[in-house]
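The values are calculated or read from the model by the stated rules, or taken from the named source; none is laboratory data. It should be emphasised that the depicted structure is a prediction, and the values quoted were computed from it without experimental measurement. Please note: Cβ atoms are built from the backbone with ideal geometry, for glycine as well, and neighbour counts cover all protein chains shown.
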Amino acid sequence: GAVVSQHPSRVICKSGTSVKIECRSLDFQATTMFWYRQFPKQSLMLMATSNEGSKATYEQGVEKDKFLINHASLTLSTLTVTSAHPEDSSFYICSARVGPGQGGSGANVLTFGAGSRLTVL
Amino acid sequence: GENVEQHPSTLSVQEGDSAVIKCTYSDSASNYFPWYKQELGKGPQLIIDIRSNVGEKKDQRIAVTLNKTAKHFSLHITETQPEDSAVYFCAASGAAGNKLTFGGGTRVLVKP
């Protein structure tokens, strides 16, 4: 089946530094990937839609200069948290849409990565 | 935009009993309703989904029902086992794109 790999799984950084999280579709091509943020015991909140070869689309309230998204290839999207602060500490999860013929059961099927836990000291 | 409400927020059942989680959505244009299971420290895993042209779908011990008129859908887990303990999320997306809107989640605990 379709697999989405996310790296790193855990990262601890100092306040003011930048952190990059990678999201890869391992056995399929993903023109669209999604980045979610999840606080403890809460639901997943969509941050942005990452489009291969074009600019990401950010949800209302998400700072695009704070959360830089790059989708340079059909199998890789990256999220960079710039000048991270303790309030950016969270669980970041990416997902990719699996189309028909790629192991998915149809349009809109999303496969999620294992998530990246960011702790900013 | 779409709003998805999920109930209950926590659910404790005895092993072997059934568990039911209910969700309502607001956007009548939504046509895809997946359910995800998330274990501690991991990403969500798709367990079953249903599309608006179907009223019910079953996969072994898991079933989902959809009532488009009332705009609600439910997850049913029968013969629950301790490994079913996790957080379950419902979600909805519409024809306008692939964005999923998630419910608040249900923490299910299956007691041996």
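Could you list all residues from region A:6-19 that are within 13 Å of chain B (Cβ to nearest Cβ), in a strand (DSSP E or B) and not basic (Lys, Arg)? Even if it seems obvious, please write down each step before you answer.
Kept after step one, since they are within 13 Å of chain B (Cβ to nearest Cβ), are these residues of region A:6-19: A:6-7, A:9-10.
When the remaining residues are screened for being in a strand (DSSP E or B), the result is A:6-7, A:10.
Correct list: A:Gln6, A:His7.
How many residues are among the hydrophobic types (A, V, I, L, M, F, W, C), surrounded by fewer than 16 Cβ atoms within 10 Å (Cβ to Cβ) and more than 12 Å from chain B (Cβ to nearest Cβ) if we restrict to region A:25-54?
1
Name the one entry in B:Phe89, B:Phe73 that is assigned to a strand (DSSP E or B) and away from chain A (no Cβ under 14 Å). Give the steps one after another, and end with the answer.
Details: B:Phe89 fails: away from chain A (no Cβ under 14 Å).
So the residue among B:Phe89, B:Phe73 that is assigned to a strand (DSSP E or B) and away from chain A (no Cβ under 14 Å) is B:Phe73.
Any idea which residue in region B:34-77 is surrounded by the most Cβ atoms within 10 Å (Cβ to Cβ), counting only those that are over 18 Å from B:Pro8 (Cβ atoms) and either touching a residue at least 60 places away in the same chain (Cβ under 8 Å) or polar (S, T, N, Q) (or both)?
Per the criteria, the residue is B:Pro34.
Considering only region A:20-84, give the strands (runs of 3 or more DSSP E) lying wholly within it that have at least 1 residues that are of a type in the set (D, E, K, R) and more than 11 Å from A:Ala96 (Cβ to Cβ).
Correct list: A:32-38.
Filter region B:93-112 down to the residues that are farther than 20 Å from A:Phe39 by Cα and either of a type in the set (D, E, K, R) or more than 10 Å from chain A (Cβ to nearest Cβ) (or both) and list them by number. Walk me through it before giving the result.
Initially, region B:93-112 is screened for residues farther than 20 Å from A:Phe39 by Cα, giving B:93-98, B:109-112.
The answer is B:Ala96, B:Leu109, B:Val110, B:Lys111, B:Pro112.
Condition (residue is within 14 Å of chain B (Cβ to nearest Cβ), modelled with pLDDT of 95 or more and closer than 23 Å to A:Ser18 by Cβ) applied to region A:63-72: is it met by at least one residue?
Residues of region A:63-72 within 14 Å of chain B (Cβ to nearest Cβ): none.
The answer is no, given that none of the residues of region A:63-72 is within 14 Å of chain B (Cβ to nearest Cβ), modelled with pLDDT of 95 or more and closer than 23 Å to A:Ser18 by Cβ.
Can you spot a residue in region A:73-87 that is closer than 21 Å to B:Leu100 by Cβ, more than 15 Å from the chain's Cα centre (by Cα) and either modelled with pLDDT of 95 or more or not hydrophobic (A, V, I, L, M, F, W, C) (or both)?
Taking every residue of region A:73-87 in turn, none turns out to be closer than 21 Å to B:Leu100 by Cβ, more than 15 Å from the chain's Cα centre (by Cα) and either modelled with pLDDT of 95 or more or not hydrophobic (A, V, I, L, M, F, W, C) (or both).
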